[in-house]
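A quick write-up on the structure given underneath.
The values are calculated or read from the model by the stated rules, or taken from the named source; none is laboratory data. Just so we're clear, the structure is a prediction, and the values are computed from it rather than from any experiment. As a convention, Cβ positions derive from the backbone with ideal geometry for all residues, glycine included, and neighbour counts pool all protein chains shown. Side chains included, ligands, DNA and RNA excluded: accessible areas come from the protein's heavy atoms. Shrake-Rupley method; radii C 1.70, N 1.55, O 1.52, S 1.80 Å.
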Amino acid sequence: MFPLLKYSKEEIAKYYQRVTSDDVARSLQKTNGNFFDLLNLLSPAAVFHLDAMRQKATVLRRQYYGKTVSVFAPLYVSNSCINSCRYCDFNIHHKSERKTLTIEEIERECDAIQQHGIDSLLIVAGENPKVVTLEYLCEIAHVLKTRFSCLSLEVAPQSQEAYEKLFEAGYESLICFQETYDQELYQYLHPAGPKSVYEYRLWTQLRAGKAGFRTLGVAFLLGLTDWRSEAASLGAHAFYLLKECYQSKLQFAFPRITPVSDGFQPAAPVDEAVLEQMMLSFRIIFPQCGMTVSTRENPEFRDRIVLSAADNMSAGSRVTPGGYAVCAEEDVAQFTLNDSRAPEAVYQAIQAHGQEVVYKNWDSRI
Ligand code: SF4
């Protein structure tokens, strides 16, 4: 569990079982829900209130984000990684060839991305501090900050001093999945490499927030263990960050684990109904926070969930270095995509539901 949470996994599980239909209805009436209201909405009893939850989430989403959906593209700059995450095809034990893009290659990838109007870029890399160095990341920002209005990072957790340099270089936002809040399971899934240190990863958003990052992304990987206890931890983590990093915005994501080549099987797969319950619950309790829907989900689900919960989605994603233009189709992708539509098809679907596509929602400060 999130270490600052005063309750054990067993206590949280018992609480979920005690929640009644009336408790759920009461939590749905509130305007500022607390941690227990979140649990009520995540509970088994809330399954019978999904229509009401969808309605309330839709109203709140509209209130805070209007009829808009922001779009971004991930840019994988390296799949070199010294970690051994059991559920990822980039892990050190996979014998596939590794690629780290040069600055020239990154510019070619960006040319291809920008042809689709995208103005918000997420730089993604495996964790290899000798290859994906602080200097390399800063150089990327120096080259791209005049091309994109928002640069985000999903790379190895850094120290606060490094985040200060990255912020100064031009990055505004950060995403770091905790993967699981269950420390024992975390050690099993991450047996070696820098990622094996649970606590260092856990306080990543705190260090980035203190360094000035304006958006802090939080998530766990759905499917690794019981989703209700993970969601309780995510909620506790979010309440903590809202207090400690009040100048930053929180951004939720709910990535479901997808098949990898070595056959890793998720112990507790999460279906779409559960995913929707979770996203609606977080939208209702944290209406001001951002929420991203992953390209791991199929087009129908993505088009539907941006009406009620998510406000942000990737379009035309490639999850391998060079995937947009430099073209490395033989390279190993990090996970399976279930929405392979071209960006224009994603935009059309958003508009067909009466929503507006937002390419740029932030003026770069540099
Ligand atoms: S999940 Fe990230 S850190 Fe783990 S092996 Fe994959 S790329 Fe490396």
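Structure notes:
- Solvent-accessible surface of the chain, taken per residue with a 1.4 Å probe and all protein chains present: 42 Å².
- Cα-based helix-to-principal-axis angle, 227-244 vs the chain, degrees rounded to 10: 70 degrees
- Take every Cα pair under 8 Å whose residues are at least 6 apart in sequence, average their separation, divide by the length of the chain, and the relative contact order is 25 percent.
- For the stretch 33-358, the number of Lys pairs with C-alpha atoms closer than 18 Å, counting only pairs eight or more positions apart or on separate chains, is 8.
- Accessible area of the chain belonging to carbon and sulfur atoms, whole % at 1.4 Å probe: 52 percent
- Partnerless cysteines, meaning none of the other Cys C-beta atoms lie under 4.7 Å away, in the chain: CYS81, CYS110, CYS138, CYS150, CYS176, CYS245, CYS289, CYS327
- Helix 134-144 vs. the chain, principal-axis angle (Cα, 0 to 90°, nearest 10): 90 degrees
- Per DSSP, loop chymotrypsin sites (Phe, Trp or Tyr not before Pro) in the stretch 213-294 with at most 10 further Cβ within 10 Å: TYR246
- 10 Å Cβ shell holding at most 14 others, DSSP loop, GluC sites (Glu not before Pro): longest site-free stretch of the chain: 98-328
- Based on the reciprocal of the average 1/r between different C-alpha atoms, the Kirkwood radius for the stretch 252-315 equals 12.5 Å.
- Over the chain, the pair-distance histogram of Cα-Cα distances with 20 Å bins from zero comes to 30, 62, 8 percent, rounded to whole numbers.
- Solvent accessible area, Å² - ARG61, 1.4 Å probe, full protein context: 0 Å²
- Solvent exposure, largest accessible area first (probe 1.4 Å, DNA, RNA and ligands not counted), of THR20, THR146: THR146, THR20
- The helix-based estimate of mean residue ellipticity at 222 nm for the chain, built from -39,500 (n - 2.57) per DSSP H run of four or more residues and divided by its residue count, is -12000 deg cm²/dmol to the nearest 500.
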